[in-house]
1. Within region 73-100, can you find the residues that are under 15 Å from Thr34 (Cα atoms) and in contact (Cβ under 8 Å) with a residue 60 or more places away in the chain?
2. Filter region 31-49 for residues that are surrounded by fewer than 19 Cβ atoms within 10 Å (Cβ to Cβ) and within 18 Å of Ala353 (Cα to Cα); which is modelled with the highest pLDDT?
3. Residues Leu285, Leu208, Leu300: which one is in contact with a Lys or Arg (Cβ under 6 Å, 6 or more places away or on another chain) and buried (at least 17 other Cβ atoms within 10 Å of the Cβ)?
4. Within region 92-144, which residues are among the polar types (S, T, N, Q), at pLDDT below 90 and under 28 Å from Tyr221 (Cα atoms)?
5. If I filter region 50-93 down to residues being of a type in the set (Asp, Glu) and out of contact with any strand residue (DSSP E or B) (no Cβ under 8 Å at 6 or more places or on another chain), which single residue comes out as surrounded by the most Cβ atoms within 10 Å (Cβ to Cβ)?
6. Identify the single condition in (1) of a type in the set (Gly, Ala, Ser); (2) modelled with pLDDT under 90; (3) farther than 17 Å from Leu259 by Cα that Ala214 does not satisfy, given that it satisfies every other one.
7. If you scan region 263-312, which residues turn out to be small (Gly, Ala, Ser) and closer than 22 Å to Ala130 by Cβ?
8. Determine if region 196-215 includes at least one residue that is in contact with a strand residue (DSSP E or B) (Cβ under 6 Å, 6 or more places away or on another chain), among the β-branched types (Val, Ile, Thr) and touching a residue at least 40 places away in the same chain (Cβ under 8 Å).
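The values are calculated or read from the model by the stated rules, or taken from the named source; none is laboratory data. The structure displayed is predicted, hence computed values, not measured ones. Ideal geometry is used to build each Cβ from the backbone, glycine not excepted, and the neighbour counts take in all protein chains shown.
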Amino acid sequence: MRVVQATRVRQNPYVTLLGRAMQARDSRLDWWITADLSPEWAAAYRGRIDVLHLHWPDLFYRSGGLWGTSRAMLTLQRTLSGLQSDGVALVYTVHNLLPHEARWPWLDWLATLWLLRHADVVHVHDPETAWEISRVRWGRRRQDVRIIPHGHYIGVYPNTRTRAEARQRLGLAGGTFVYLFLGQIRPYKGLEQLLEAFRRVARDQDRLLVAGNARPRDGDYVEFILRRAAVDYRTQVRMGYVPDDEVQDYMNASDVCVLPYRHVVTSGSAMLAFSFGRPIVAPRLGPFPRLVGNGERGVLYDPDDDVGLATALIRAREMDLRAMGAAALEYARSLDWKDLADRHLAAYREAVARARRRVSTLSAVIERRQEAHHP
């Protein structure tokens with residue numbers, strides 16, 4: 001089976017981990033990654049692909065203004081339709097139902113709707129998303145959605161430094177309680193709410209550590225965050241890309257990871273925290289209730305409650321974080337990529353079977369039409 005993983009996301013190792021795990025389970029699998037889904041690319045690979053697995057599709061048609069983006073979206077759809085007509089199975093992983101901070105939500109809605117209607121297999125990471133896309137406005141039947149969880153990040157990033165070593169490298173005192181926000185700094189993640197909640201409830205020995213990169217387009221938001229953080233000496237913001245070897249410093253130096261997202265479908269950040277044995281503080285949205293469980297792996301709060309996040313930060317200090325961290329790590333271990341790869345391979349085989357039936361049906365229709373015109 002020849003599989004192409006189509007993605008333009010560079011820093012998230014998800015796609016690479018999935019591809020390697022599948023090849024480890026099936027040595028006959030030939031897979032590679034592409035960041036090009038142009039008509040020229042499709043023509044060059046015609047007849048050489050069995051499965052095209054699409055991730056974060058909006059990055060393939062985002063093109064400046066409305067006209068350019070609309071034209072690029074239609075070009076992408078024609079390219080995908082052409083591949084399907086040639087017998088290529090289209091698999092679509094729903095990382096986000098709609099892109100975050102979209103400039104034209106209606107356009108992204110149309111693009112997502114097209115994919116949900118045309119993909120041979122739709123893959124989601126949790127039952128909550130499967131339920132959402134089975135609603136009338138999306139139109140994908142629940143039985144046609146494959147739920148395969150997000151795999152862990154254990155061993156993906158180095159993890160050799162102790163808590164004391166990590167804190168020393170980051171200039172944190174040993175007796176402080178450290179809340180961590182690690183990841184790309186974007187408006188939908190609710191960082192300003194976290195800064196305010198922390199300022200209201202933090203003790204002298206508490207610290208909030210914020211680390212991550214930002215997109216050039218979010219410059220105004222970053223400046224706003226930096227100004228808000230500067231008024232509280234207990235908050236440290238470290239802007240910029242975090243190298244793989246330094247992820248362990250932030251994770252091992254922290255007591256709990258805070259994910260104050262405004263909306264979410266899949267949370268690789270939660271899985272990263274669990275992979276380092278760190279519980280999370282998160283809103284009662286999307287996959288978070290299932291990830292946190294009955295409170296054994298973190299603290300949930302009501303996102304509509306003005307003091308919900310602040311209260312959750314206080315509760316986190318009072319919990320048995322050692323036991324919660326152990327439960328989080330055990331949960332991460334249960335999501336082994338090798339086991340998940342088997343389920344993805346099964347989904348691929350299902351997609352290929354559907355693609356073959358589609359091509360066979362189309363061929364039969366064409367033959368009947370030809371016979372009708374040329375008896």
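1. Leu90, Val91
2. Arg48
3. Leu300
4. Asn96
5. Step one: of region 50-93, the residues of a type in the set (Asp, Glu) are 50, 58, 86.
Add one more test, that the residue is out of contact with any strand residue (DSSP E or B) (no Cβ under 8 Å at 6 or more places or on another chain), and what stays is 58, 86.
Working: Asp58: 20, Asp86: 14.
Going through the qualifying residues, I end up with Asp58.
6. (3)
7. Taking region 263-312 and keeping what is small (Gly, Ala, Ser), we get 267-270, 273, 275, 277, 282, 286, 293, 295, 298, 308, 310, 312.
Hits for region 263-312 are Ser267, Gly268, Ser269, Ala270, Ala282, Gly286, Gly293.
8. no
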